[in-house]
Amino acid sequence: MKHILYIEDDHEIGEWVKNDLRDRGYEVTWLTDGQDAHHYIQRVDLVILDVMLPGLDGFTVGQRLKEKAPDVPILMLSARTAIEDKVEGLTFADDYVTKPFHPEELAARVEVLLRRFASTDVQPVRLQHLDVYLSQNRVVNRETGEEVTLTGKEHRLLTYFLRHPNQVLTKEQLYEAVWGEMFAGGDNTIMVHIRHLREKLERDPSRPTVIETIRGLGYRVRL
Amino acid sequence: MKLGSSLLVKYMGVIALYLLLLPLLFVVFLLGYNVYHYGNGFVNWQPSKYTLNEIEDTWHETAQRLTGLSEKQKIKHLLDMKQKYPESTLFWVDEHGELRFKRPTEADLPQKWTPSMIVKFMKESVWADPFTVVALLGEQESDGFIVIQMPRKYTESSGASESIFSFWVLIGASICLFIFLSWLFFNRIRRRLLNLQNVMQEAQNTGQFRTVSVHNHDEIADLEHSFNRMAVRLQESRERERQEERLRRELIANLSHDLRTPLTVLRGQAYQLKQEALSEEGQQSLKIIDDKIRYLGELIENLLSFSLLSAGKYPFRPEKKDVVRLLRSIVASWYPILEKEGFEVDVNLPDEPVYWEVDPLWFQRIWDNLFQNVLRHAKEGKYVGVALEKSERGTCLRLADRGPGLDSPSAAKGTGIGLSIVSLMAEEMGLVWRMESGGNGTRCFLCKL
């Protein structure tokens, strides 16, 4: 069970977010201030942090936690004006949700973050007819029982899709994430790699369902 | 300021000091000069051997004594005179104009003197070198005349020209002294003015006003005092401005927090209600509540942003960015929501980058507001188109919907502040913002001309 550290000073909000996350199957530790947060950081998988806290503010707490445990994702919750918080908060936070948030939106962001940071996950990700073992570089077609062999770049591309599920990813984002270089306009490398990936993953590569093309924008993998 | 410390009075003082020093300088010079010469014991300087008066008197006396004497006696006297004045030239012309005697014998003199020659000679001798004295023998001028010519160097003290040279040096020195004193005076003034100027320049560059130290009590000191007062006041007002800005931001942050927290609670409560068994109408009500909460959240954000923006306190960090790429990722982030609402998203952006000088957060804010409007007011059209248009007038990014347009009753509500922010931000970034609306939809253009 994933363990979430939730730091929120408002009791009404804290109560229902805690209950909602518990209902969704997470173990939640709720603190009303950030003083003792560092005692918990080694034991948790994700931190949800409110910006406005009594005593130490959320930014300071977040920065300290990030220094102590850089591989634990931090999601900031803010009720202040989005713009300034965004500039200040996103330097260490991994995601950002503005109040009044919708519980489902928060849950979705938590799930995405957990998946993005879960490198040691042995559970396969179920992607239509495929089982993807992210940590083992392995993809199995459940229908045929065959293992699909991917090249390094194809695997990294698929991994990136799965770490950002349900998001429309542009060519630039994909290229820069997988190749680690600035995207030069007009490059069709991404198109070629997506085609190869589809040939290996899709039931019918001419009508892809695993990797959707969003016309004019990019590609998406839905979970 | 006391009159005595005025720069004008001070400069008058400099001039007075100079005038006082000048005679003193002369005295010192003369004393020094004489001491120098007497100290050196007449080696370089000698007083004149003869004086002009002495020669003239002696010569006229001689003439009187010669009157009536025989030729022999006259010559004897003249020889005596030659002995007395060995450097001189002596000659005697008799009543007939005959040259009767000349010493030294080799002197180049005419043997015969006509009256006109005499007049010419006398004319030429006036103020000339040698010094010439002509004395008539006898009362009736009939006995001829005797002449003595003495080179002037024996009638002047040697070194006189040297003393004239020294005099000019003295004048030059005193002028230099005056210039030097004035220079000292004005250079100090100049340095203080330059110092003030430097401090002002520094303030312009760093925005920090520094006071200058004041030592004197003159006009410049007054200026420095005024400058310091101004610097302190400017520094204070700048400080106050900063504080006000901080307070304003804090106020807005707190206001935002105070408004949003209960909204969040509301949303949480509504969400919990939704889990209960509710009638169709109950679910519908909850959906409306949820919608309005979202709308209020957006409105709060827009109101507070607008307040900061119109006060010029909204952080602005422009940089050169590929706006096509920015816009594509913004549309991508809106895509799931638009898709959920059943919109057709028609994106027509080129692969080539288009660079504009924008603040990425502002740019995103503009499009977020536009998409919010589309979602709120153009749901019926089920279409949103994003494209880049190039014309000879410039490049435009276009957002089009097929909603009922801005003139329809539903659009009148609530678009104001969001669009005001769009227009303020566009203007600030040097972009042209324009909207066309009709019954078959609204088209928004963000252009760089």
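A few remarks follow.
- Pairs where the first residue, in segment B:427-440, is within 12 Å of residue B:398 (Cβ to Cβ) and the second is part of a strand (DSSP E or B) and charged (D, E, K, R), C-beta under 9 Å, 6+ apart: B:434/B:443; B:435/B:443; B:436/B:443
- One residue stands out among those in segment B:345-399 that are among the basic types (Lys, Arg) and away from every other protein chain (no Cβ under 11 Å): the one that is surrounded by the most Cβ atoms within 10 Å (Cβ to Cβ), which is B:376.
- Selection within segment A:193-223 - within 14 Å of chain B (Cβ to nearest Cβ), surrounded by 15 or more Cβ atoms within 10 Å (Cβ to Cβ) and not charged (D, E, K, R): A:214, A:216, A:217, A:218, A:219, A:221
- Residue match in segment A:159-172 (condition: without any contact (Cβ under 8 Å) to a residue 12 or more places away in the chain and outside the structural domain of residue A:73 (by TED's automatic domain parsing)): yes
- Here residue B:226 clears all of (1) within 30 Å of the chain's Cα centre (by Cα); (2) within 30 Å of residue B:67 (Cα to Cα); (3) of a type in the set (Ser, Thr, Tyr) except the condition numbered (2).
- The residues of segment A:1-17 that are modelled with pLDDT of 90 or more, within 20 Å of the chain's Cα centre (by Cα) and of a type outside the set (Ser, Thr, Tyr), listed by number, are A:3, A:4, A:5, A:7, A:17.
- Complete set of residues in segment B:46-66 that are out of contact with any Lys or Arg (no Cβ under 7 Å at 6 or more places or on another chain), surrounded by 15 or more Cβ atoms within 10 Å (Cβ to Cβ) and farther than 17 Å from residue B:89 by Cα: B:48
- Qualifying residue in segment B:27-40 (condition: modelled with pLDDT under 85, within 60 Å of the chain's Cα centre (by Cα) and closer than 20 Å to residue B:155 by Cβ): yes
- Residue A:154 being in contact (Cβ under 8 Å) with a residue 24 or more places away in the chain, crowded, with 18+ Cβ neighbours inside 10 Å and among the charged types (D, E, K, R): yes
- Residue list for segment B:323-344, filter: of a type outside the set (A, V, I, L, M) and either within 8 Å of another protein chain (Cβ to nearest Cβ) or assigned to a loop (DSSP other than H, G, I, E, B) (or both): B:325, B:328, B:329, B:333, B:335, B:336, B:341, B:342, B:343
- For segment B:255-280, the candidate set comprises residues that are polar (S, T, N, Q) and within 8 Å of chain A (Cβ to nearest Cβ); within that set, the residue that is farthest from residue A:14 (Cα to Cα) is B:256.
- The lone exception for residue A:177 - which of (1) assigned to a helix (DSSP H, G or I); (2) touching a helix residue (DSSP H, G or I) at 6+ places or on another chain (Cβ under 9 Å); (3) more than 13 Å from chain B (Cβ to nearest Cβ) it fails: (3)
- Condition check for residue B:312: more than 10 Å from chain A (Cβ to nearest Cβ), at pLDDT below 90 and farther than 27 Å from residue B:250 by Cβ: no
The values are calculated or read from the model by the stated rules, or taken from the named source; none is laboratory data. Keep in mind that this is a model prediction, so the values were computed, not measured. Reconstructed Cβ throughout: ideal geometry from the backbone, glycine too, with neighbour counts over all protein chains shown.
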